[in-house]
């Protein structure tokens, strides 16, 4: 359970894979050592003109000589709407607001985000920007997804926890535990970006994402 942060990874190189007036694809490669076993990570980012999101693809390969078990965690700490403050940020999934620290049913929902709307469990104010972001995940293995007030504030059970009311918000997306034998790999894909709003209700609307 000892964490391996990106700052400790060995940088192996990067390159531009494709660039045009409409698309950009870039790649970076890294090596992380977990319990003495090297894992190679190839990370691909895809951008397309006109989209309000980009796609991040991560492939992890065991290049060591013995099996290794690990978790892969992607976390986001956005300040949605008013940069520097999360005062109005509440969680959202398809058709539903999330106002407390809690897990998201990744079997039912495929994305989650924050909406700068205001949390009436903390304050009656709703004079916010109504800006929203989202993260969508795609993988054979369903991740563990949750909303919290900080990276160290994961839900304590299956129910609702404290209100989302700090000046920090966090979406945690965790896969694993996963065991890779030598030569085996695993692939995770995320779309990360901004959502729109329904013109009638003002509720966030996620743009269409097609994972290739």
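Quick look at the values:
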item	result
Candidates 142, 87, 181, ranked by Gaussian network fluctuation over the chain, Cα under 10 Å, top entry	181
Segments 34-42, 108-116 sorted - mean Cβ within 10 Å per residue, highest first	108-116, 34-42
Burial ranking of peptide ranges 154-160, 167-173 (average Cβ count within 10 Å, highest at the top)	167-173, 154-160
Relative contact order of the chain, pairs being alpha-carbon contacts under 8 Å that are 6 or more residues apart, as %	22 percent
Reciprocal of mean inverse Cα separation for segment 24-136 (Kirkwood radius, Å)	17.0 Å
Residues of segment 77-103 with amide N under 17 Å of a point placed 7 Å along Cα→Cβ from residue 56	77-80
Inter-part distance where segment 1-72 and segment 163-212 are each reduced to a Cα centre, Å	16 Å
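Values quoted throughout were computed directly from the atomic coordinates according to the rules given, and no laboratory measurement underlies them. It should be emphasised that the depicted structure is a prediction, and the values quoted were computed from it without experimental measurement. Glycine gets a Cβ as well: all are built from the backbone with ideal geometry, and neighbour counts include every protein chain shown.
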